[in-house]
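The values are calculated or read from the model by the stated rules, or taken from the named source; none is laboratory data. In this text the structure is predicted, and so the values were computed from the model without any measurement. In this analysis, Cβ positions are derived from the backbone assuming ideal geometry, glycine residues included, and neighbour counts consider all displayed protein chains.
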């Protein structure tokens, strides 16, 4: 056969028994989930920041970063609710490069999916236990969600996955907010179709089970810009883009109409240092128009301890080995500036 079966990966029940979430942390997570849900249901006017490294690469540096977020969170808790990014799965356009901690728990060593599954659960539990902020992760592989279902506070479906049927159906059975990014080509109708599908009940096969989902009313839009047929980046965070998408949202009559704006990727033209400017422009648009003020509930920002990015093997602690990120000093200033303007 052209596919070699190496070893069976333990199912989620086995991993959860081996690496359980402490009972007192379950209570903390449940309460935080209520806070997050209240924002999406228009019962809490706080602004959401989904912020952190492009990809989680080292447990210690990621947790040190989240510790800094936790300190800032206490100072702005009346204005902003922070959801740390702990992205343990990394999509690759060509399939080459670092695919995230789930593939390589140590980026300098060979891939080890068996240990990677354990490593991502341990990281999420440590961060949640120490800093009491359930994190966001990308659902790159729909099966992987089961290993983190009791820990996550937010799930993102990426631009390359948003058209996938199984991602949409899986999202319909998740009971926390799920953000659907617009596809890389920029077709907003694809994003809205994905949201509608995820908000609907479905019967399908999942992890060798016949399952029925209830539909997830907290599924919503993430705008990340697009790439045209010539490979050029096309932002979709400008006022005209936002108001057109908001009006389309109204016409679609979807539940809990919510927009999160990704300040990096194609929106920043892959220039990470533009993120503060983009955040400022989005907030100005939100202040100018009442419909945008209602729908734009947060920003997604890529940030780490050290600004920029590096190649694997350079070993700069807290510097991204995938997309370039803001450094901590710029991040802290940006968070306080956002808090002053929401």
Residue 240 vs (1) surrounded by 15 or more Cβ atoms within 10 Å (Cβ to Cβ); (2) assigned to a helix (DSSP H, G or I): all pass except (1)
Need the failing condition index for residue 108 against (1) free of Cβ contacts under 8 Å to residues at least 40 places away in the same chain; (2) more than 24 Å from residue 299 (Cα to Cα); (3) over 19 Å from the mean Cα position of the chain (by Cα), just the number. (1)
If a residue has to be in a loop (DSSP other than H, G, I, E, B) and more than 13 Å from the chain's Cα centre (by Cα) to count, how many in segment 173-189 make the cut? 9
Please specify each residue of segment 69-81 satisfying the condition of being over 10 Å from residue 335 (Cβ atoms) and part of a helix (DSSP H, G or I). 70, 71, 74
Taking the condition of being buried (at least 24 other Cβ atoms within 10 Å of the Cβ) and in contact with a helix residue (DSSP H, G or I) (Cβ under 9 Å, 6 or more places away or on another chain), how many residues in segment 173-188 meet it? 5
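Name the residues in segment 193-213 that are part of a loop (DSSP other than H, G, I, E, B) and either out of contact with any helix residue (DSSP H, G or I) (no Cβ under 7 Å at 6 or more places or on another chain) or at negative phi (or both), would you?
199, 200, 201, 202, 208, 213
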Would you point out the residue of segment 19-34, among those that are free of Cβ contacts under 8 Å to residues at least 12 places away in the same chain and either touching a strand residue (DSSP E or B) at 6+ places or on another chain (Cβ under 7 Å) or part of a helix (DSSP H, G or I) (or both), that is farthest from residue 133 (Cα to Cα)? 23
Filtering segment 146-172 down to residues that are assigned to a helix (DSSP H, G or I) and out of contact with any strand residue (DSSP E or B) (no Cβ under 7 Å at 6 or more places or on another chain), which residue is surrounded by the fewest Cβ atoms within 10 Å (Cβ to Cβ)? 165
Kindly establish whether residue 301 is exposed (fewer than 15 other Cβ atoms within 10 Å of the Cβ) and in contact (Cβ under 8 Å) with a residue 24 or more places away in the chain. no
Restricting segment 257-276 to residues that are at pLDDT 95 or above, under 18 Å from the mean Cα position of the chain (by Cα) and in a loop (DSSP other than H, G, I, E, B), which is surrounded by the most Cβ atoms within 10 Å (Cβ to Cβ)? 263
Scope segment 46-67; condition in a helix (DSSP H, G or I) and either in contact with a strand residue (DSSP E or B) (Cβ under 8 Å, 6 or more places away or on another chain) or surrounded by 17 or more Cβ atoms within 10 Å (Cβ to Cβ) (or both); matching residues: 59, 61, 62, 63, 65, 66
Could you look through segment 87-105, keep only residues that are free of Cβ contacts under 8 Å to residues at least 40 places away in the same chain and either closer than 23 Å to residue 152 by Cβ or touching a helix residue (DSSP H, G or I) at 6+ places or on another chain (Cβ under 8 Å) (or both), and pick out the one that is surrounded by the most Cβ atoms within 10 Å (Cβ to Cβ)? 105
Is there a residue being touching a strand residue (DSSP E or B) at 6+ places or on another chain (Cβ under 6 Å), at pLDDT 95 or above and within 27 Å of residue 37 (Cβ to Cβ) anywhere in segment 242-255? no
So in segment 316-327, with the set limited to residues that are touching a residue at least 12 places away in the same chain (Cβ under 8 Å) and in a loop (DSSP other than H, G, I, E, B), which one is surrounded by the fewest Cβ atoms within 10 Å (Cβ to Cβ)? 317
Taking segment 315-338 and the residues there that are out of contact with any strand residue (DSSP E or B) (no Cβ under 7 Å at 6 or more places or on another chain) and over 20 Å from residue 76 (Cβ atoms), the one that is modelled with the lowest pLDDT would be 315
Criterion first (surrounded by fewer than 20 Cβ atoms within 10 Å (Cβ to Cβ), closer than 28 Å to residue 107 by Cβ and either in contact (Cβ under 8 Å) with a residue 24 or more places away in the chain or touching a strand residue (DSSP E or B) at 6+ places or on another chain (Cβ under 6 Å) (or both)) does residue 312 satisfy it? yes
Within segment 214-230, the residues that are touching a strand residue (DSSP E or B) at 6+ places or on another chain (Cβ under 9 Å) and assigned to a loop (DSSP other than H, G, I, E, B) are 216, 218, 224, 225, 228
